[in-house]
There are 2 protein chains.
Amino acid sequence: MSPSAAMHKKAAALGKLALRMTTRAGSGHPSSALSLAHVVTHLMYHHMRYDPANPWHPAADRLVLSEGHAVPIVYAAYADLGGVIGRDADHARALTEADLDGLRDLDSVLEGHPNPAEGFPFFDAATGSLGQGLSVAAGLALGARLDHSRRRVYVLIGDGEAREGQVWEALDFIVDNKLTNVCAVFNCNMYGQAGEVSQQQSAPRLTAKLEAFGWKATSINGHEPAVIAEAFARVGYSERPVAIVARTVKGWGVEELLQGNWHGKPLPESALPAAEASLDQAAARAGNSAEKLSGPTAPAQTIDTLPHHPDPRSVEWPPFAEAMQAGGLGAAVEKGQLATRQAYGAALKTAGDLLPHVVALDGDVSNSTFTAIFAAAHPERFFECKIAEQNMVSVAAGLSAAGYIPFVNSFAKFLTRAADQVEMANITRANIKLVGSHAGISLGADGPSQMGLLDVAFFQAFSTVLGDDRETPLCRCYHPADAVAAYHCTRLMVAQTGMCYMRTHRPAVPVIYDPDTRFEPGGFNTLETGGNLAIVTAGYMVHVAKEAVEALARKKIRATLIDAYTLPIDALRLGRALQQAGGVALIVEDNYGGGLGAAVAEIAARTGSLRAETLCCQRIPKSARTAEELLNLCGVGCKQIVDHARALLARPGP
Amino acid sequence: MSPSAAMHKKAAALGKLALRMTTRAGSGHPSSALSLAHVVTHLMYHHMRYDPANPWHPAADRLVLSEGHAVPIVYAAYADLGGVIGRDADHARALTEADLDGLRDLDSVLEGHPNPAEGFPFFDAATGSLGQGLSVAAGLALGARLDHSRRRVYVLIGDGEAREGQVWEALDFIVDNKLTNVCAVFNCNMYGQAGEVSQQQSAPRLTAKLEAFGWKATSINGHEPAVIAEAFARVGYSERPVAIVARTVKGWGVEELLQGNWHGKPLPESALPAAEASLDQAAARAGNSAEKLSGPTAPAQTIDTLPHHPDPRSVEWPPFAEAMQAGGLGAAVEKGQLATRQAYGAALKTAGDLLPHVVALDGDVSNSTFTAIFAAAHPERFFECKIAEQNMVSVAAGLSAAGYIPFVNSFAKFLTRAADQVEMANITRANIKLVGSHAGISLGADGPSQMGLLDVAFFQAFSTVLGDDRETPLCRCYHPADAVAAYHCTRLMVAQTGMCYMRTHRPAVPVIYDPDTRFEPGGFNTLETGGNLAIVTAGYMVHVAKEAVEALARKKIRATLIDAYTLPIDALRLGRALQQAGGVALIVEDNYGGGLGAAVAEIAARTGSLRAETLCCQRIPKSARTAEELLNLCGVGCKQIVDHARALLARPGP
């Protein structure tokens, strides 16, 4: 029997397992799984260099299943190979064929769509929201390069999925960065969920597009073992990254699945025997020998050849002034006026000085986000992602899976463009830090298309969710008011495992904090103390609120001013502080609702004894030449804060 | 003097205006503007068929400036042509050269990045967040086709901008739909903000890519009038849509701008004279005659040849049962069990029956969102957008600008992928309706990659902002609990001008409402009345909360059950209802925080006399075979609601 015959036989056997597990689960995508049967068999039993017994091996080749719904075929192969599952090595055990019947079960690691965070470490990222896998692979490949590792990354992408623009962003990025250790496989089975795939995603059209994008693209029969092997043999031996356009059959080998639209539908139990027989016949046609496939080969390197990253909590940060000086901001600090985005740039460079695995990504705005300071100091760890934010965020998720601590940078407005990529990174529990600059109304002249106005609500929502330890939040948000705060918040982000978001502003503002001020997760700082009411705010608005507090003082109203520089915030401590400040709080924001105001209102409403009201951006901003004009237009200027505070106090409490 | 000489002269004159206005504004992008000087001159003075005195003319050719930062050159031309500005015809006046000095001013319609909503009706959509204009153009072109109009749409896209994946989604969509009335112009000036544009976006590479995507692409010198004219002359006369790759010079004609990186920086006032002289010389080199350009030609049709759309508030909707029957759901209604997504499908079809300008877009999931019901009845008004949600949302913004009422459909999870496109549509004040299905935890087996968990927080944030009338919210959210509610919420969305979001669920649920129940913007329904506490919820969770209310009743706790089917909610009425229900509220959600819970907490916290607490999804969900298992895992199952309600009552109030 030729290896081809063994491959057919194995593909059919895995197909049978995929059929059975989806039928048992009562849902899933057997037809998509079958279209990948041969490609997956070739990769997992022959081509990839990895150890099923140690899926955490950092030098192993990686597989990213971008079309996550096809996952049953990978589960089948992994169980057959005795691959190890578990959240970590302490809870590891081999997956068995019996486990497959638990697909999509509450207690199973076999999620409906791949997710390493639930205990399937063969994968590096949650997929299922389409079009993100190639970017993740690019991040893994960058990590491999930084590691001086020869590992390769294979990505399986659906033809319908190739419509997602992010795929084309990733193709550009991989060529720009010459990541020839990535191989992209397009699975052209010609059917999507609701109907046929567009001719724009046909195998010939995709092949032509890939060539035009600078890839070495080959179109092959995706069920023919010999041509599959030949195509994959080229990976790593080409000047250009290799793309394989595999022409496949949705529901391969199963008569019933070839009729009508079986996307996302399992066969009924009664149809299983005939379907299994159909697959047996398909295998039998290839020959009858009992010869076996070789199985995967070992990773190309041993673990000790790879770099070991220090614990980010173990390093000592230099004093603020020293770090700013080293970042070229000495004069600005001297003057006492600098933007939070500037201080962040110097802080990021410091993080890079201290930790060899801090990396930075930017979307063509490094001279605005001040990641240029990092880039100048650590060019090999700075990745220019150009104007393609979705790819940038998923690349960061890949870098995180490769053990790096990526900082993702753009205007706050443009980071929300990658909202779904951020969510998928969270599902993976990726350790990525997002920093959005030019947030809020204070941007002024450029207008609302450049202002982060939704970002606080968006990331605040993640901060309401608990992480896997059931104690710390899934995501922390930081919103520094000055350069000192920006420096310390960056330090906190580096030390924390998991997603963080920091929001910086365009304008230069006075330094208000002593360099040694304590900043901590969940914390806040009381900048003024008064007994009539509390004004709670963050970021740029701290400076506006300071003026308002002074104006109120002239009217004999004593306000406490709280800089709520992080979310979630310690509810107990904040509740007490508000009580001490008169039990009345005015929350002030330069963004749309659902952010800090919502967070404080929830704390106040829990007590039932605190009054709280939010003053946030009340209309879509427009251009204006000064921040002040716009703050007034949008209802959050100094005078409006004062008026609102007075009205709040004039209104009788309960 | 040849037309070429006149064109050069005009381009230089406009360039001078662009220089001056950005210098006066103290910000802006003169170098980008200059790179487009000839292309814009050709389009606005010669090629486009439109009437500067009536920018609202529905048969006029349209220009979409996707690279919005280059807008000064268009403002310059429009002022020179005496183009009309104003939010509507009642407030119209001609733009003057003197107005240009007001660029980016609070009182000016000349926004830093284009926005028709602030009074510049020559444009159809706010741009400035890159990569969205070609999709908007596709929507305008679909509108033209539905109108049987011969108008054409020109789009100007930056080379760096062409990195955004959405551009490639739009290119596919335009080919799929044979929209040869769209012309895409790529402005290849080779410089982005932070540095050079990638070779992946060079003129030859872009040309090759565009050809591979099925476009007729030509690369030209973008400062050579004769070749520009020749290239544009092909638009509308090709089987394939025409793309023009214009090789241009960033800062054309101005010596100083050709040195270093002048992206986004105006010249200082002192440098203006030399720069203007430099442009004068560039113009003089082409000849010296006083001959003038022809000016734009009139629109290809008169207004009366276009369809007139009825007022969506003027139509009478059939009774619920009749509409469901007509949508093929008679049997399900008979059984009293159907999913909100199903009822929505039939409601959408009804809207299409009643109003000829209701259109629907779907991202390859019409058999899941049930827009298939609409598609079967109104195939010419159904647009299959394939798996490319960003393009879909921006296409809808274009359709809205063309006078249509687009419903945009996908899983709730995948709509948030177009977060920035949704925000840009809001900045435009587009009249689009987004409907996200399979929201929340109840999706179950497919896992978190398919669940809408952030959607409520995201759209709630928009609902905190006021629209231009300063009274109604910018965006309304609907979250129906059953088929009747879904029907009426769809009706409300059609009647309301502006963005709406509706959230539907996968599972079939009992019909709980009388078909004639009143639903209204800001409203809520009290399903049970009790005096101990109120449970406030919406959508699928209404059914879980109903069980919880029964379980509480067995423990002698009488709960009021409020179905908060829409946001924002009438604060005064809700406050009163909560007071009557004992002054204690438990808000229950099957999504992350920042949504309904935040909205109710803000209402409660304003009073200072109501206690409110939110129970929402507390961890990232995973796969499970039943909704119930997952609700329990994520902390929002029936028993957990009961326990939480009891704990809330046991805790002493203020």
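The values are calculated or read from the model by the stated rules, or taken from the named source; none is laboratory data. Predicted model only: the values in this text are computed from it and were never measured. Note that we place each Cβ from the backbone using ideal geometry, even for glycine, and neighbour counts take in every protein chain shown. Quick note on the areas: whole protein, heavy atoms, side chains included, nothing else; ligands and nucleic acids left out. Shrake-Rupley method; radii C 1.70, N 1.55, O 1.52, S 1.80 Å.
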What does the charge add up to near B:LEU272, with Lys and Arg as +1, Asp and Glu as -1, over the other residues with Cβ less than 14 Å from its Cβ? -2
Among the trypsin sites (Lys or Arg not before Pro) within region A:302-393, which fall in a DSSP loop and have no more than 13 other Cβ atoms within 10 Å of their own Cβ? A:ARG313
Candidate residues A:ILE557, A:ILE244: accessible-area rank, largest first, probe 1.4 Å: A:ILE557, A:ILE244
Please work out how much accessible surface B:MET44 shows to a 1.4 Å probe, ignoring ligands, DNA and RNA, in Å² rounded to 10. 0
With each run of n ≥ 4 DSSP H residues scored as -39500 (n - 2.57), what mean residue ellipticity at 222 nm is computed for chain B after dividing by its residue count and rounding to the nearest 500 deg cm²/dmol? -11000 deg cm²/dmol
Copy-to-copy label separations for A:THR302, where each label sits 7 Å from Cα toward Cβ, in nm and ascending: 8.9
Taking Cα atoms only, helix A:272-284 is inclined relative to the longest principal axis of chain A by an angle, in degrees rounded to 10, of 60
For A:TYR191, residues with placed amide H under 5 Å, excluding near neighbours: A:VAL197
The helix B:340-354 Cα axis meets the longest alpha-carbon principal axis of chain B at an angle in degrees, between 0 and 90 and rounded to 10, of 50
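Viscosity 1.306 mPa s, temperature 10 °C: give me the Stokes-Einstein translational D for region B:525-650 in µm²/s, with Rh taken as the Kirkwood radius over C-alpha pairs.
After rounding, the answer is 111 µm²/s.
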What's the FRET efficiency of B:GLN580 with B:THR517 using the Cβ-Cβ distance as r and R₀ = 35 Å, to the nearest 0.05? 0.95
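Would you mind working out the accessible area per residue for region B:200-356, using a 1.4 Å probe, and quoting it in Å²?
47
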Can you give the accessible area per residue of region A:525-650, in Å², using a 1.4 Å probe? 32
Excluding B:ALA559 itself, calculate the net charge of residues whose Cβ lies under 15 Å from the Cβ of B:ALA559, where each Lys or Arg counts +1 and each Asp or Glu counts -1. +2
For the axis carrying chain B to chain A: nearest C-beta residue of B, whole Å: B:GLY165, 1
What shape does region B:3-284 take by its C-alpha gyration tensor, where a ≥ b ≥ c are the square roots of the eigenvalues and a/c under 1.5 counts as rounded, a/b above b/c as prolate, and the rest as oblate? oblate
Exposure of B:MET541 as accessible area (Å², to 10), given a probe of 1.4 Å and all protein chains: 0
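Can you pull out the trypsin sites (Lys or Arg not before Pro) in region A:522-623 whose DSSP state is coil and whose Cβ has at most 13 other Cβ atoms within 10 Å? Write out the running numbers ahead of the final one.
Details: sites: A:LYS546, A:ARG554, A:LYS555, A:LYS556, A:ARG558, A:ARG573, A:ARG576, A:ARG606, A:ARG611, A:ARG619, A:LYS622; in loops: A:LYS555, A:LYS556, A:ARG558, A:ARG619, A:LYS622.
Passing both the DSSP loop test and the Cβ count: A:LYS555, A:LYS556.
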Could you tell me how many cubic angstrom of Cα convex hull volume region B:1-144 has per residue? 105
Computed over region A:137-213, the convex hull of the Cα set has an average projected area, in nm², of 5.1
So, in nm and shortest first, the distances from A:ASP101 to its counterparts in the other copies, with label points 7 Å along Cα→Cβ, work out as 8.4
What shape does the protein assembly as shown take by its C-alpha gyration tensor, where a ≥ b ≥ c are the square roots of the eigenvalues and a/c under 1.5 counts as rounded, a/b above b/c as prolate, and the rest as oblate? rounded
Suppose a student asked you for the relative contact order of chain A, using Cα pairs under 8 Å spaced at least 6 residues apart; what percent would you report? 12
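Is chain B best put as rounded, prolate or oblate by its Cα gyration tensor, with a ≥ b ≥ c the root eigenvalues, rounded for a/c under 1.5, and otherwise prolate when a/b is larger than b/c, oblate when not?
Numbers: a/c = 2.40, a/b = 2.03, b/c = 1.18.
Taking the square roots of the gyration eigenvalues as a ≥ b ≥ c, chain B is prolate.
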One decimal, nm, shortest first: give the distances between the label point of A:GLU550 and those of the same position in the other copies, each label point 7 Å from Cα along Cα→Cβ. 6.3
For the Cα atoms of chain B, what angle does the longest principal axis make with the long axis of helix B:483-495, in degrees from 0 to 90, nearest 10? 30
Using only alpha carbon pairs under 8 Å that are at least six residues apart, calculate the relative contact order of region B:525-650 and give it in whole percent. 27
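If you count only protein heavy atoms with a 1.4 Å probe, what accessible area per residue comes out for region B:422-501, rounded to a whole Å²?
Roughly 16 Å² per residue, with all protein chains present.
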